[in-house]
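Chemist: Attaching a single structure in structure tokens format; questions to follow.
Taken together, the values in this text are just the output of simple stated rules run on the coordinates, not laboratory data. Small disclaimer: the values here were computed from a predicted structure and weren't measured. When we count neighbours, we look across all protein chains shown, and the Cβ atoms used for this are built from the backbone with ideal geometry, even at glycine.
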Amino acid sequence: MFASSIQLPPLAVQERVVVQLPCSVTMKDPSMVLTLTNTDASTGYEGDGMLQLAAAIALIEKSCLMTFSREHNRFVPSDELDFELRAREQHPKFGRVMLWILFSTGAEYLLKASFLLSGVWTPNIKQKKVIPQASIPWTAEWLTQVDSLPEENVRDFATLGRMIQLLEVLFNHYCADDDQKRLVKYAYKLLAEAIRNRDAHAYVQNVRQSHFHVAGKICPAFNILLSWVNGVDIEQALSRVEPTQAPTP
């Protein structure tokens with residue numbers, strides 16, 4: 001009965017979504033957790049979540065639209081003049097859109113980290129074409145055989161749109177209140193529909209010139225997601241963001 005109140009879109013093959021009881025209901029029997037799943041061949045989703053979280057913090061900080069407070073484990077909006085300076089340093093003409101692309105990509109990583117670390121969702125396993133080795137020459141004859149390249153199993157982390165469709169599952173897991181739901185849902189709908197897709201698909205001159213204030217409006221949504229992450233997980237993610245030794249090539 002409880003599952004009927006949560007409208008889920010059709011599940012992709014092997015995608016795993018756990019729908020939990022509403023927070024107002026006491027669950028005495030663990031079997032009352034509804035799991036919608038086919039054969040789930042994916043493993044290590046917590047490790048994937050850690051990597052997504054580390055990448056999210058790194059990219060959002062590198063966008064210069066926000067900084068990350070190590071003391072409070074939360075994002076803080078940046079100063080607009082500082083952002084514009086950093087954008088010009090990145091590139092005199094295209095720096096602003098470069099930084100916004102970093103920002104929106106980091107935002108997507110952050111949402112997926114929340115799902116993975118909560119355990120309510122794991123990515124699909126899909127067949128993808130194998131990338132040819134560098135030693136293989138790209139001859140005209142070889143290029144005609146691309147369609148027949150072998151495939152391998154890889155994790156498919158879904159689109160941002162797909163994760164937005166599943167937000168109610170995440171909200172239910174963390175007993176989110178109405179304000180939290182609204183902030184996260186509409187922040188990510190704005191990111192997906194007005195920022196991420198537009199910037200990734202085509203360059204429009206000065207499209208982000210007057211949009212700096214949007215980052216400040218979105219910041220509370222990011223911090224809600226962070227508040228649901230275990231502090232130890234955040235510390236481990238930060239250790240990846242700030243490595244003590246040179247990264248492995």
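Chemist: If we count other beta carbons within 10 Å of each Cβ, what is the order of MET98, MET50, fewest first?
Modeler: MET98, MET50
Chemist: So how do VAL76, VAL97 line up by other beta-carbon neighbours within 10 Å, fewest first?
Modeler: Details: VAL76 12, VAL97 21.
So the ranking, lowest neighbour count to highest, is VAL76, VAL97.
Chemist: Still on this structure: Would you mind checking LYS189/LYS217; LYS112/LYS181; LYS129/LYS189; LYS112/LYS217; LYS185/LYS217 for any pair whose Cα atoms are more than 23 angstrom apart?
Modeler: Details: LYS189/LYS217 13 Å; LYS112/LYS181 16 Å; LYS129/LYS189 31 Å; LYS112/LYS217 20 Å; LYS185/LYS217 13 Å.
Cα-Cα > 23 Å for LYS129/LYS189; rest within.
Chemist: What ³J(HN,Hα) values, in whole Hz, does the Karplus curve 6.51 cos²θ - 1.76 cosθ + 1.60 give for the range 87-95 when θ = phi - 60°, with x put for Gly and Pro?
Modeler: Residue by residue, the range 87-95 yields 5, 5, 5, 5, 6, x, 10, 10, x Hz.
Chemist: Using a cut-off of 13 Å between beta-carbons, work out the net charge of the residues near GLY161 (Lys and Arg +1, Asp and Glu -1, GLY161 not included). Don't skip to the answer; put the middle values down first.
Modeler: Working: positive: LYS112, ARG162, LYS185, LYS189, ARG196; negative: GLU108, GLU193.
Net of charged neighbours comes to +3.
Chemist: Can you list residues from other chains, or at least 5 along the same chain, whose modelled amide H is less than 5 Å from the amide H of THR67?
Modeler: VAL76, SER78
Chemist: If we count other beta carbons within 10 Å of each Cβ, what is the order of HIS211, HIS173, HIS201, fewest first? Intermediate values should be presented prior to the final figure.
Modeler: Details: HIS211 14, HIS173 19, HIS201 8.
Ranked by crowding around the Cβ, least crowded first: HIS201, HIS211, HIS173.
Chemist: Let me ask something else about it. So if R0 is 22 Å, what FRET efficiency would ALA202 and GLU89 give, r being the distance between their Cβ atoms, rounded to the nearest 0.05?
Modeler: On the way: r = 24 Å, r/R0 = 1.10.
Plugging the Cβ-Cβ distance into 1/(1 + (r/R0)^6) gives 0.35.
Chemist: Here's another thing I want to ask about it. Skipping prolines and chain starts, which residues have an amide H placed within reach, meaning under 5 Å, of the one on LEU149, given they are 5 or more residues away or on another chain?
Modeler: none
Chemist: Could you check the simple spin-label distance between LYS129 and HIS213, using points 7 Å along Cα→Cβ, in nm with one decimal?
Modeler: Placing both labels 7 Å along Cα→Cβ, they lie 4.6 nm apart.
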